[in-house]
Structures are given as C-alpha cells and as structure tokens.
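Mind having a look at this structure? Questions to follow.
The values are calculated or read from the model by the stated rules, or taken from the named source; none is laboratory data. This is a predicted model, so every value here is computed, not measured. All Cβ positions, even for glycine, are placed from backbone atoms using ideal geometry, and neighbour counts span all protein chains on display. What goes into the accessible areas is simple: the full protein's heavy atoms, side chains included, and nothing from ligands, DNA or RNA. Shrake-Rupley method; radii C 1.70, N 1.55, O 1.52, S 1.80 Å.
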Amino acid sequence: TDAARNLIGLRGSPSFSGVKPVAEALDRADRGGALNTRELLTIADLLTAARRAKEYFNDEAAEKTAIDHLFLSLHGNRFLEEKIKRAIPDEDTIADAASTELADIRRHMRAAQAKSRQILQKIISSSYGKILQETIITQRDGRFVVPVKAEHKGDLPGLVHDISSTGATLFVEPMGVVQANNEYIELQAKEQKEIDRILYELSASVGSYAEAISRSYEVLVELDLYFAKSRLADKMK
C-alpha cells in the first residue's frame, strides 16, 4: 500500500478501467470454442489496461518498490488488442476491415441493394404508381417490396410477402426484383459465414495467449486493490 501511495505521489493514479472477469471466455477459447463480440472486446479492453499499466510503470525512473514485480509480470499484446478492436469497433458491429473477403461480400451486397432499389424506383415512377398505397420502398423478410392497394391485387406481377393489419395493403415483391433480392439474401448468408469465421479466428488467437491474459487479469486486480487501499489510506489519514 505504501508503494502504491508513493507511486501516486510521483506519477498520479493509474487507470484500471476496462478490467472485467474473463476466465470463462478464456477457458472456452483455450478449448477451441468461439467467443462473441462482447467477450472479445472485454479481452481487448483488458489487454489495453495491461499495456497502459506497463506504460505507467517505469522501473528505471524510480527506486525499486514492493509492487514492481507485479507490473513486470504484466503481459501486453498490442497486436492482438488492435486486431480485435479493428475487427470489432463495437459490440454490434463487425467492420469491413476485419477481412478482405467480408469487405468484398458487403460491396456486392450494396450493389445488389442498389439494383433492387433502382428497379423498384422505376416501378414507383411508372404507371404502377397509382396502384400503390404509398410511393415508398420497404422490406419484408429482408426482401425489397412495395405497398400495393388490396383492390389492385394482381395488377403488379410479383410475390406477396405480407398484408397490413387492416388488410388494405399488400407488400409485393415485383418479379423484376426477385433475382436481385435472391442475390442479396445469398450474400447475407455468405456475410454471416465470414463473420463466424472471423470470430472463430480471433477466438483462436485469444486461446493461444489464454494463460498470459489470465495472469494479467489477476495482476491488474491485485494492483487495483493496492492503489484503492492507498487512496483510502489518504482519506482516512
């Protein structure tokens, strides 16, 4: 506690934010299982905390202390830390930069979407516009459709995917966009398969460093306790 208090006097208090339990995730990764985005980000945050604690500590700039060995036993892994954060910017997102294959799939998805919208826009702007409930493009079950007035059922050749609660509107996928929509659905399946592969690959990387990451977690928790005790000691005089 004295050592932590002296370090605070010299360099300020270190931050241990982002340190959360990772034992369960590490165990699963070590056994070859896949982690989800939240678990991978938690591990990346832990690696960031370990790296920053290492940077905070400089064993050449001050006298030896009773907690030097803890700082020295921390294992940073900037490569893995940045690899995870580059691939997963937040819990709900896998970035295009996660793999060239994913970026390529998403580029084709955008093209398929644009093609569907272009065809539907022509339909909306044509004589079919008068049979639509609204001149908008919407989605049902991941497929682009237009809202057709129920009394004009059959006037626009296509597949009916849904009916409004009042029964006044049919959501129709015109035959002209079926192929583009099919392509988009196929690409969505490819996208999910590539996302699963990326998560599995990142999990395998975590698993290969599981022991070092686990040790860093234990050390950070211990250091956090000592620095918390030193701050409490000051408050209590």
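Quick one: what pairs do we get from the stretch 171-199, first residue more than 14 Å from Asp141 (Cα to Cα) and part of a helix (DSSP H, G or I), second at pLDDT 95 or above and among the β-branched types (Val, Ile, Thr), C-beta under 7 Å, 6+ apart or different chains?
Final answer for the pair search is Leu187/Ile105; Lys190/Ile105; Glu191/Ile105; Glu194/Ile105; Ile195/Ile94; Ile198/Ile94.
Something else: Taking the stretch 222-235 only, how many residues are more than 13 Å from Ile8 (Cβ to Cβ) and at pLDDT below 95?
Counting residues in the stretch 222-235 that are more than 13 Å from Ile8 (Cβ to Cβ) and at pLDDT below 95 gives 0.
Which residues, counting only those in the stretch 63-75, are open to solvent by 50 Å² or more (accessible area, probe 1.4 Å) and in a loop (DSSP other than H, G, I, E, B)? If you could, list the steps in order and put the result at the bottom.
Step one: list which residues in the stretch 63-75 are open to solvent by 50 Å² or more (accessible area, probe 1.4 Å), which gives 63-64, 66, 69, 72, 75.
Correct list: Glu63, Lys64, Ala66, His75.
Could you tell me which residue of the stretch 101-149 is farthest from Gln188 (Cα to Cα), considering only residues that are of a type in the set (Gly, Ala, Ser) and free of Cβ contacts under 8 Å to residues at least 12 places away in the same chain? First the steps, then the outcome.
Taking the stretch 101-149 first, the residues of a type in the set (Gly, Ala, Ser) are 103, 111-112, 114, 116, 125-127, 129, 142.
If we keep only those that are free of Cβ contacts under 8 Å to residues at least 12 places away in the same chain too, we end up with 103, 111, 114, 125-127, 129.
On the way: Ala103: 13, Ala111: 13, Ala114: 15, Ser125: 29, Ser126: 30, Ser127: 32, Gly129: 30 Å.
The extreme case among them is Ser127.
How many residues does the stretch 16-35 hold that are surrounded by 13 or more Cβ atoms within 10 Å (Cβ to Cβ) and either within 14 Å of Ala212 (Cβ to Cβ) or out of contact with any helix residue (DSSP H, G or I) (no Cβ under 6 Å at 6 or more places or on another chain) (or both)?
Qualifying residue count for the region: 7.
Return the pair list, or none, for Cβ contacts closer than 9 Å from residues in the stretch 24-50 that are more than 18 Å from Leu220 (Cα to Cα) to residues that are outside any helix (DSSP H, G or I) and of a type in the set (D, E, K, R), at least 6 apart or on different chains.
Asn36/Glu91; Thr37/Asp90; Thr37/Glu91; Thr37/Asp92; Arg38/Glu91
One line per residue, one yes/no per condition, for (1) under 21 Å from the mean Cα position of the chain (by Cα); (2) within 21 Å of His75 (Cα to Cα); (3) of a type outside the set (Lys, Arg):
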{"residue": "Thr1", "(1), (2), (3)": "no, no, yes"}
{"residue": "Gly9", "(1), (2), (3)": "no, no, yes"}
{"residue": "Gly12", "(1), (2), (3)": "no, no, yes"}
{"residue": "Ala25", "(1), (2), (3)": "yes, yes, yes"}
{"residue": "Gly32", "(1), (2), (3)": "yes, no, yes"}
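Something else about it: Just to be sure I understand, how many residues within the stretch 193-215 are β-branched (Val, Ile, Thr) and farther than 21 Å from Ser99 by Cβ?
In the first step, residues of the stretch 193-215 are kept if they are β-branched (Val, Ile, Thr); the result is 195, 198, 206, 213.
Then drop every residue that is not farther than 21 Å from Ser99 by Cβ, which leaves 213.
The qualifying residues number 1.
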